[in-house]
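Read-outs throughout are calculated quantities, based only on the coordinates presented, and are distinct from any laboratory measurement. Computed from a predicted model, the values in this text were never measured in an experiment. Cβ placement follows ideal geometry from the backbone for every residue including glycine, while neighbour counts extend to all protein chains displayed.
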Amino acid sequence: MDRVPLPAELDLLVRAAPGPTLLVDASGAIAAVNEAALGLFDTTLEALLGKHFGLLLPEGVPDTGAARRYAQRPGGAAFAVQVTQSTFTAAGAAWRAIGLTDARALEFTEGRLRERERQLERAVRLAHLATWRWDHAAARFEFSPEFCALIGVGPEGACPTLREAMPLVHPDDRAAVIERMQSDFATASAFAFDMRLVRPDAAVLHVHCDGEIDLDPGGTPVGVFGVVQRITGHELVQLVRRYFDLEAEIAERQLIEQALRAERDRAQSYLDVAGVMFIGLDANGHVQLANARAAEILGCPVDDIVGSDWFGRFLPAEQSEIVRVGFHQILNGQVEGLERYENPVRRADGEERLIAWHNVLLRDDMGRATGTLSSGEDITDRRNAELSLQRSMQEVQAVNRELESFAYTVSHDLRTPLRTIQGFSQLLLSDHHETLDADAARLLHRIAQNAERLNELTEHLLALSRVGRAQMYVRPIDLAAVAREVVDMLAGAPGAERIEWVIPETLPARADADLIRALLQNLCDNACKFTRNSPAPRVEFGRDADGTYFVCDNGVGFDMTFADKLFRPFQRLHDRTFEGNGVGLATVARVVERHGGRVWAESHRGAGACFRFTLGE
């Protein structure tokens, strides 16, 4: 399978992700990897691009939520990771963003954090650690009560300026302390050094100072935090140093949490741009997730939807408890068939909308069902349109059946009296022609002619009715062969021997052979009739590049002003110079209609006519 081109914006998005991230296409091939993921798997970009993500995650990824999986470094050992996945569509293709967190590091950090917090609380309680902080923006120190007690100043001296605090440092140590603090602040480095403090009573204290630089989210130094301890024992100094190890681990955990929040926000943004509504329910049927489309359909904000009882608030009262019971039966494994179904929801304004749902069960690491995630499409307008179209089609079919029945009945009921009129007229003309005067003979002759014409009309009306009622057998046929059969049948028609017929060698199609033969017979018969007076009559049958079939001639043509009447029964655009009763083109239209196509004509008076038609799919 060819790889789907990677949009540039998706590549930038993956590379900017703070945590290890893979982007894979619909086939599972890796399309983009960021530096954090390359470091996690200890490999290169070239070694991963185009490979199936199963190379790194043989156990697969969870459909929703976060789950623990074993990952595999290329050529290395397996290790545990926490995996999340979000799916979305971009540039007309489906993508999956897979976020990874080293589960061992996360568990190790959380365990050490809990232990260090316990140790720190105990140490601070037992040792009364003296701490201080330098606020760079305020240009002041903040001394803890223990620090104030250590150096012998009261609460009024707990927030001194730099100038006010310098007398507390031994004169011989001041220059070195200031230089060290400035250097560490500029480089954002942690520090540890010994110095001497001078109390107001002139007592000199030898202390050890450990500290680090406070940084804002952008990495700019904004202050200094330090711990001071009298040098009386090595154990306490080591405890303070372990405290700063804890601070480093806290910072690392904050980075992980920031990455997880970014991943959550990115997933929510993908959901919000989706064209369908997403609803996530917990095991109690309460909404845990909703997107912008859900808010639009339900008529209330996302924050108002989340936390609601889905069945009690957003389902019609007559269905609420029934669906709730079914939901719990599905979670408990008592019934199946959750994947797809339709049901109405109730908007905030009371209006009901019909939703087509696609659902998946959410499970925890033990495989237990914890809820559902559902995508829903509002099909209310489409369903109403379908029902309206169905009703219209039923009405049209009923009318057509009545018309066909009427035409069939009229055709049959008229034939007997018409034949009687013809017979009696012929008897009078043949048996009593000697006693009839010229006017009587002429009138009887006209009666016989009109009866014959009316008989032809009923025959054609009956034929048109049969076209509408005939059983169709659609199969592959050669239209060119059918056209040649029709031309052979027309060989005896007036002027047919002069016509140049242009028919391709073959013209395959799928259609009903009998109906198509009737269609071509009527079109070719018309072409013969209206090219009768042309000096070099020519008729062509073929197919255009777009699949449209045509029968074109160089006959008398017609006025396009009246083109809308062409395919109506008994409508004629020419005088009686050309025989016909206006049923032939109506038959053509009915055949094309039954094949799901359309028919139209193009012409100019004296410039021939071209009839075009299609046969549907």
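Things to note:
- Surrounding net charge for Val502, when Lys and Arg each add one and Asp and Glu each subtract one, Cβ distance under 12 Å: -2
- Residue order, fewest to most surrounding Cβ atoms within 10 angstrom, among Ser425, Ser320: Ser320, Ser425
- Counting other Cβ atoms within 10 Å as a rough exposure proxy, the listed residues Val33, Val556 run Val556, Val33 from fewest neighbours to most.
- Using R0 = 41 Å, the C-beta based FRET efficiency linking Ala94 and Asp564 works out to 0.30.
- Qualifying GluC sites (Glu not before Pro) for the range 492-529 [loop in DSSP, other Cβ within 10 Å: at most 16]: Glu505
- Taking 0.36 nm per residue of sequence separation and removing the Cα-Cα distance, the Asp488/Arg196 pair yields an extension gain of 92.8 nm.
- Highest mean packing first, where packing is the average number of other Cβ atoms within 10 Å per residue, the peptides 58-65, 510-517 line up as 510-517, 58-65.
- The coefficient of translational diffusion for the range 278-378, derived via Stokes-Einstein from the alpha carbon Kirkwood radius under 10 °C and 1.306 mPa s, stands at 116 µm²/s.
- Here the label points at Val306 and Ala481, each 7 Å from Cα along the C-beta direction, are separated by 6.9 nm in the simple model.
- In this calculation the C-beta distance from His52 to Tyr341 is compared with R0 = 30 Å, giving a FRET efficiency of 0.35.
- Cα gyration tensor category, rounded, prolate or oblate, for the range 128-232 with a/c compared to 1.5: prolate
- The range 472-613: proportion of alpha-carbon pairs further apart than 24 angstrom, %: 25
- For the pair Thr187 and Ser27, a Förster radius of 60 Å applied to the C-beta separation gives a FRET efficiency near 0.80, rounded to the nearest 0.05.
- Extension gain (nm, one decimal) between Glu505 and Asp135, 0.36 nm per residue minus Cα-Cα: 123.7 nm
- Counted charge near Asn384, where neighbours are those whose Cβ lies closer than 15 Å (Asp, Glu -1; Lys, Arg +1): -3
- Residue order, fewest to most surrounding Cβ atoms within 10 angstrom, among Met366, Met393, Met277: Met366, Met393, Met277
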